[in-house]
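Peer 1: Please find one structure pasted underneath; my questions will follow.
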Amino acid sequence: MMHPAAKLQFERVVDEFVRWRVLGEDERPPAPAWWWGPAMEVRDISFKLPPGSSARLGLSDGASYAAGAKVLFQSLAGQTFQPWPYDFSRKVDSTDSDVRDLHPQPSDDSAFQA
């Protein structure tokens with residue numbers, strides 16, 4: 001069984017991968033290291049990707065999550081440089097940048113009062 005969080009994270013990376021691949025190779029930054037984690041989570045998963053994700057990754061219908069992870073690994077292979085998150089998102093709209101831009105909120109520790 002595949003954990004729902006792994007599926008969600010992988011789908012988010014697929015969205016970002018598609019936006020990254022649209023850029024010309026001269027304008028494209030190196031693939032970001034944060035793709036590695038979601039790809040590792042699904043590298044052995046034989047469940048089928050949703051049809052839209054298969055096509056977006058350049059795979060045939062019925063491709064597995066493991067095959068999708070391989071596409072991401074290939075984008076990272078041979079890189080000697082990984083962009084910092086803000087360097088990467090200057091060229092590619094990243095949904096992760098929205099999260100990184102959130103400001104810390106005060107915590108509610110009332111549940112831990114003695």
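Peer 1: With a 1.4 Å probe and every protein chain left in place, tell me how much accessible area residue 44 has, in Å² to the nearest 10.
Peer 2: Roll a 1.4 Å probe over it and residue 44 shows about 130 Å².
Peer 1: Taking every alpha carbon pair in the stretch 1-86, what does the distance histogram look like in 10 angstrom bins from 0, in percent?
Peer 2: 18, 54, 25, 4, 0
Peer 1: Residue by residue, what Karplus-based ³J(HN,Hα) values in Hz, rounded to whole numbers, does the stretch 47-56 have, using 6.51, -1.76 and 1.60 with θ = phi - 60° and x for Gly and Pro?
Peer 2: 4, 6, 5, x, x, x, 5, 4, 5, 5
Peer 1: Out of the stretch 1-60, which chymotrypsin sites (Phe, Trp or Tyr not before Pro) are coil in DSSP terms and have no more than 15 other C-beta atoms within 10 Å?
Peer 2: Counting only loop positions with at most 15 other Cβ atoms within 10 Å, the chymotrypsin sites (Phe, Trp or Tyr not before Pro) in the stretch 1-60 are 47.
Peer 1: To the nearest 10 Å², what's residue 41's accessible area with a 1.4 Å probe?
Peer 2: Counting only protein heavy atoms, residue 41 exposes about 120 Å² to solvent.
Peer 1: Report the FRET efficiency, 1/(1 + (r/R0)^6), for residue 74 and residue 1, where r is their Cβ-Cβ distance and R0 is 35 Å, rounded to 0.05.
Peer 2: 0.85
The values are calculated or read from the model by the stated rules, or taken from the named source; none is laboratory data. The model shown is predicted, which means the values in this text are computed figures rather than measured ones. For neighbour counting, all protein chains shown are included, and Cβ atoms are generated from backbone atoms with ideal geometry for every residue, glycine included. Heads up: the accessible areas ignore ligands, DNA and RNA and are worked out on the full protein's heavy atoms, side chains in. Shrake-Rupley method; radii C 1.70, N 1.55, O 1.52, S 1.80 Å.
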